[in-house]
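Working notes, structure below.
Values in this text are rule-based calculations from the coordinates and carry no lab data. Everything numeric in this text was worked out from a predicted model, so none of it was measured. All Cβ positions, even for glycine, are placed from backbone atoms using ideal geometry, and neighbour counts span all protein chains on display.
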Amino acid sequence: MSRPLRRFARRVLERTGLIAPYYRWLERRAARAVGEEAVDDGRPMPPAELVVLVSGPSRVWFSERGRADAAMFQDLAARHGCDLGAGAQVLDFGCGAGRIARWLAPLVIAGGGRFHGSDLNPRLVAWCAANLPGDYAVNGLQPPLALAAQAIDLVYAHSVLTHLAEATATAWLAELARVLRPGGLALLTFHDETFAGRWGPQGLADRLAREPYIVWNNAMEGSNYLSAWTTRARLAELAAPHFEVLEMIPGGAHEPAQAMAVLKARG
Ligand SMILES: C[S@@+](CC[C@H](N)C(=O)[O-])C[C@H]1O[C@@H](n2cnc3c(N)ncnc32)[C@H](O)[C@@H]1O
């Protein structure tokens, strides 16, 4: 099928609401393609149908990339004065199947801190709660979280803003600031213009120069079907009412690493 025809078919499925069952069927098919390779990294491994909701069809990638992303968040936190292993209150927002939590939750808890995970998808939350250390809760597409104000020292969210429309992302920035103590850190990945230029749909990086927040496949918000793309400047603008921007790290030009906003909650 040609690209314009595929796009047309997708729009029809979106308008008729059939996109959700179709996309769930694609996810089930992807789960069947997950390799049988056994990964023993010392931690429980989620079933294939949950692995594909948060990463590609590979348990090895889930394990290895999860460990690398956990180390990245730990290093970034340390660079900005937060030792995750020293009694920190940590939130993994959009924790998925615990790809990163499986590495960070034990570290945080061993250091006397508390680890919280929250996600939209009850199946993912149930798996994390049954298999990983930490406290896990379901939240809605829109805020709030089931956490008290100023309860958290550090929140990280890997590839969560990337599935939200601008108004929803804006609402979550305010909510993450609410649960952070003043001076607490938010480490949030997103698809920026650099990432779009190298890894995004054709022409999207050029469009971002004119439209600083683009929603691609505008249906099933919060799922991987919808992808959101924004410039670093626009994300800084959206965060500004609640956060000081400490760093805006561009997305990977050489490997598909998302951009990262390092934000400090205002007092
Ligand atoms: C691509 S997955 C990434 C999961 C995990 N952060 C990781 O890196 O493995 C996106 C996750 O964001 C979750 N999500 C999307 N919208 C959300 C929202 N409004 N609140 C909480 N979680 C959300 C999805 O359910 C999914 O688990």
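If R0 is 41 Å, what FRET efficiency do you get for residue 1 and residue 149 from their C-beta distance, rounded to 0.05?
0.20
Can you give me the long-range amide H partners of residue 117? Hydrogens built in the peptide plane at 1.01 Å from N, cutoff under 5 Å, separation of 5 or more residues or another chain.
Those qualifying (amide H under 5 Å, at least 5 residues apart or on another chain) are 92, 135, 136, 137.
State which stretch of the chain is the longest one without any exposed GluC sites (Glu not before Pro), exposure meaning a DSSP loop state and at most 10 other Cβ atoms within 10 Å.
Here the longest segment lacking exposed loop sites spans 38-267.
Kindly state, as a whole number, the per residue volume in cubic angstrom of the convex hull around the alpha carbon atoms of segment 128-185.
98 Å³
How are the alpha carbon pair distances in the chain distributed across 10 Å bins from zero to the largest one, expressed in percent?
For the chain, the binned pair fractions read 7, 29, 38, 21, 5, 0 percent.
What length, rounded to one decimal in nm, is gained on full extension from residue 233 through to residue 255, with 0.36 nm per residue of separation minus their alpha-carbon distance?
Fully extending the segment from residue 233 to residue 255 adds 5.7 nm.
Given the DSSP H assignment, sum -39500 (n - 2.57) over each helix run of at least 4 residues in the chain and divide by its residue total; what's the result at 222 nm in deg cm²/dmol, nearest 500?
That comes out to -13000 deg cm²/dmol.
Please give, to one decimal in nm, the separation of the simple spin-label points placed at residue 246 and residue 61, each 7 Å out from Cα toward the Cβ.
Distance between label points: 3.0 nm.
Under unit Cβ charges (Lys, Arg +1; Asp, Glu -1), what dipole magnitude, rounded to 20 debye, does segment 3-265 have relative to its Cα centre?
About 840 debye.
For the chain, what is the percent of antiparallel DSSP beta bridges, rounded to the nearest 5?
Looking only at bridges with both residues in the chain, the antiparallel portion is about 50 percent.
Quick check: residue separation of residue 218 and residue 25 times 0.36 nm, minus the Cα distance between them. What number comes out in nm?
67.6 nm
At 0.36 nm per residue, and after removing the present C-alpha to C-alpha distance, how many nm does the segment from residue 37 to residue 123 gain when stretched out fully?
That works out to 28.7 nm of additional length.
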